[in-house]
Each structure stands twice: as C-alpha cells, then as structure tokens.
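One structure below.
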Amino acid sequence: RLGLAGTKHNSSYAVKGGCLFDTYPIGTEYTNADGIVMIKVADRSSVYNKKLPGGYTEGGNWRKKAYHNWEQAYGSIPEGKRLIYLDGNSQNCDVSNLYFTDLRVQLRINADLKTKDNRELTLAAIKYWELYYAIKEVGNG
C-alpha cells in the first residue's frame, strides 16, 4: 500500500524507539484489533501472514491464546469444531471458559442468545442445541 509520500510502506521497517514485531520474545501477548488475545509461540521468519486452522498463521509465530491454552490442557483441538467463550469475553482465555462445538450449534447460539455474558446460560444453550441435533440425527438415521 502507498504511504503518505506515495512510496511503498513496509510494516516491518523499524521505527525510532520501536521494536520490530518479529523480535518480541516467545510468550509475549497482545490483543489484536478484534479483541482476541494472541501469544507468540515460535521464532520462525515468514513473509506471509495467512490464517490457518487452529488459530495459527502461516509461519506459526503467533497463535490465539485460547487455542494455545486448550492444547496445553487437553491436547489437540477436535477437527471441525468452533470455539465459544462461555462468558462472552474473548480476553478470558482460561480453559474453564472455553468450549468447542459444531458450527451449526455456534450459529444457533449466536442467533438465539441475546446476552452471552452468563456462563451457565450459554453452556445450557449449547447443551440444548447439541442434544437437539443428536436427536434429529437419530430420527433421520
């Protein structure tokens, strides 16, 4: 993209008094523009910043802290599952606040639940929709 002077802008250039984004130590955390907490997990150099499944970016230096905490506690994330923050706070990355479910359940929760700040209500709604789809599959099977 073009900068103010009409020249190409490279976000990896050093700024006076600043630090290159690639030079932060492993374990550094920051909150991105969407309010998601990211954690640095490696020191690989990569020109690309392409999103991959599991909260990784191509190059794998930065990862969503919620995904990182889940894998530290329980191992790999189930294939095809989507993350729901039970208390609605995407900055609360404690494993007791994380729940992985199917996309169709997540869509129902997003459409039906007007307030997502109640952990117990959100978990009850998730269990209801999981049961609903399980019964529907048995009935159609």
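Nothing in this text is a laboratory measurement; each read-out follows from the coordinates by a stated rule. All of these numbers come straight from a predicted model, not from anything done at the bench. No Cβ is skipped: glycine too gets one built from the backbone with ideal geometry, and neighbour counts run over all protein chains shown.
Annotations for the structure displayed:
- In a fully extended conformation the segment linking ASP94 and ALA33 would gain 19.9 nm over its present Cα-Cα distance, using 0.36 nm per residue.
- Inter-site label distance for ARG104 and GLU130 at 7 Å from Cα along Cβ, in nm: 1.5
- Working from label points 7 Å from Cα in the Cα-to-Cβ sense, the ILE26 to ASN118 distance is 4.3 nm.
- Residue pairs exceeding 23 angstrom between C-alpha atoms, taken from LYS81/LYS127; LYS40/LYS114; LYS81/LYS116; LYS81/LYS136; LYS64/LYS127: LYS40/LYS114; LYS64/LYS127.
- Computed from phi, the 3J(HN,Hα) profile of the range 104-113 under the Karplus parametrisation 6.51, -1.76, 1.60 (θ = phi - 60°) reads 5, 5, 4, 5, 5, 4, 5, 7, 8, 7 Hz, with x in place of Gly and Pro.
- Among GLY80, VAL138, VAL95 - extreme Cα towards positive end, dipole of the range 63-141, charges at beta-carbon: GLY80
- Taken one residue at a time, the phi angles of the range 117-130 give Karplus couplings (6.51, -1.76, 1.60, θ = phi - 60°) of 8, 9, 4, 5, 5, 5, 5, 5, 5, 4, 4, 4, 6, 5 Hz. Gly and Pro are set to x.
- Spin-label model, VAL138 to TYR74: label points 7 Å out along the Cα-to-beta-carbon direction sit 2.2 nm apart.
- With θ taken as phi - 60° and the Karplus curve 6.51 cos²θ - 1.76 cosθ + 1.60 applied, the whole-hertz 3J(HN,Hα) list for the range 71-85 is 5, 5, 8, 10, x, 5, 7, x, 4, x, 9, 10, 8, 10, 8 Hz, x standing for glycine and proline.
- Stretchable slack from ALA111 to ASP87, in nm (0.36 nm times residue separation minus alpha-carbon distance): 7.0 nm
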